[in-house]
Amino acid sequence: MSSTPTESAGHSPIDDFSQCHAGILGHLQALGTLPALLEPAARARQIAADTVSFFRDAVYEHHAEEEKELFPAVLASATKGAERDKVQAIIAELAAEHRKVEAAWAKLEPKLKALAKGHEAEVDGAEITALVETYQAHARYEEEVFLPLSQAILGRNSNHLAALGVSLHMRHAMPQVMQRFAGRI
């Protein structure tokens, strides 16, 4: 038997079809992994969007409440001398930590907003880790040192705790009241 011009030693046109199928199947196999990859990507976008909203609505508000309500109340109720000096030093450190966290957030926020919208964004994992660790240490210090100290200082006079409670309540209630009446004015 003689071979046709398209056939060479051991190679036939049928082999070309077979190789084509192998390439197609390889690409389709990669496509088959796409659903598993899309789920984490969608979760990443959702976490980014939720964090952007949460940070603006909760973290900044929390810092403002501490700095405008809690810190002044504790400082005003602290006894003069060593206790007040200690409270002032702690408050200065906590406020500096607030600014540090807010500065780190300001760098991350635009990237997370882009990511939340499905755009490509170079989010530095080290920046996120640093922000998370900084805030964890900040919250732990407040929980272990400042809040117990605040409770002890404000707890000496129940009126001081009540005044702080009323102040915080008014701070939260006023935006709701203003929103309710905004449509009527």
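The values are calculated or read from the model by the stated rules, or taken from the named source; none is laboratory data. Predicted, not measured: the structure shown is a model, and the values here were computed from it. Ideal geometry is used to build each Cβ from the backbone, glycine not excepted, and the neighbour counts take in all protein chains shown.
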Being modelled with pLDDT of 90 or more and either touching a Pro at 6+ places or on another chain (Cβ under 7 Å) or closer than 12 Å to Val101 by Cβ (or both) is the requirement here; does Val132 meet it?
yes
Within the range 50-100, residues within 24 Å of Val123 (Cβ to Cβ) and surrounded by fewer than 16 Cβ atoms within 10 Å (Cβ to Cβ) come out as Asp50, Ser53, Phe54, Arg56, Asp57, Ala58, Tyr60, His62, Arg99, Lys100
Starting from the range 106-117, keep only residues that are within 15 Å of Ala42 (Cβ to Cβ), then list their pairs with residues that are basic (Lys, Arg) whose Cβ atoms are within a distance under 9 Å, requiring at least 6 positions of separation or different chains.
Leu115/Arg45; Ala116/Arg45; Lys117/Arg45
What number of residues within the range 51-86 are among the basic types (Lys, Arg), in a helix (DSSP H, G or I) and modelled with pLDDT of 95 or more?
2
Taking the options Ala89, Ala96, Ala48, name whichever one is in a helix (DSSP H, G or I) and either touching a residue at least 24 places away in the same chain (Cβ under 8 Å) or under 30 Å from Gly118 (Cβ atoms) (or both).
Ala48
